[in-house]
Amino acid sequence: MDLLPWYIKLICVLGSAWCCVRFTAGMVEQTKAWNRRSAGWLLGIVFFAIAMGSIVYYYHLHEEPDDDSNDTTATVRSPGGSDYISDRTRG
């Protein structure tokens, strides 16, 4: 998640934390643990988990490639001393 802007991380983490707290409160406040409120907040937790995964995947696909200025190419020489590529293209 290093590629994401800080405000996206903040929104996702706070939204997920809010859903977790409300999910727990929904389970504790009612007589039955699984009720309509707790199921709704569980869906909120799942929504934020899917959203965070999708955002990270999007940023991973659209990250800028590293520019390495040390790109060197090696020429393969044949035992005769000429370039291997030129020997193969002659015929």
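Computed from the alpha carbon atoms alone, the convex hull of region 6-61 holds 52 Å³ per residue. Computed from backbone phi with θ = phi - 60° and the Karplus coefficients 6.51, -1.76 and 1.60, the 3J(HN,Hα) list for region 51-65 is 5, 5, x, 5, 5, 5, 5, 4, 5, 5, 6, 10, 6, 7, x Hz; x is used for glycine and proline.
Here, each number is a calculation from the coordinates, and none is a lab measurement. Owing to the predicted nature of the structure, the values given are computational and were not obtained by experimental measurement.
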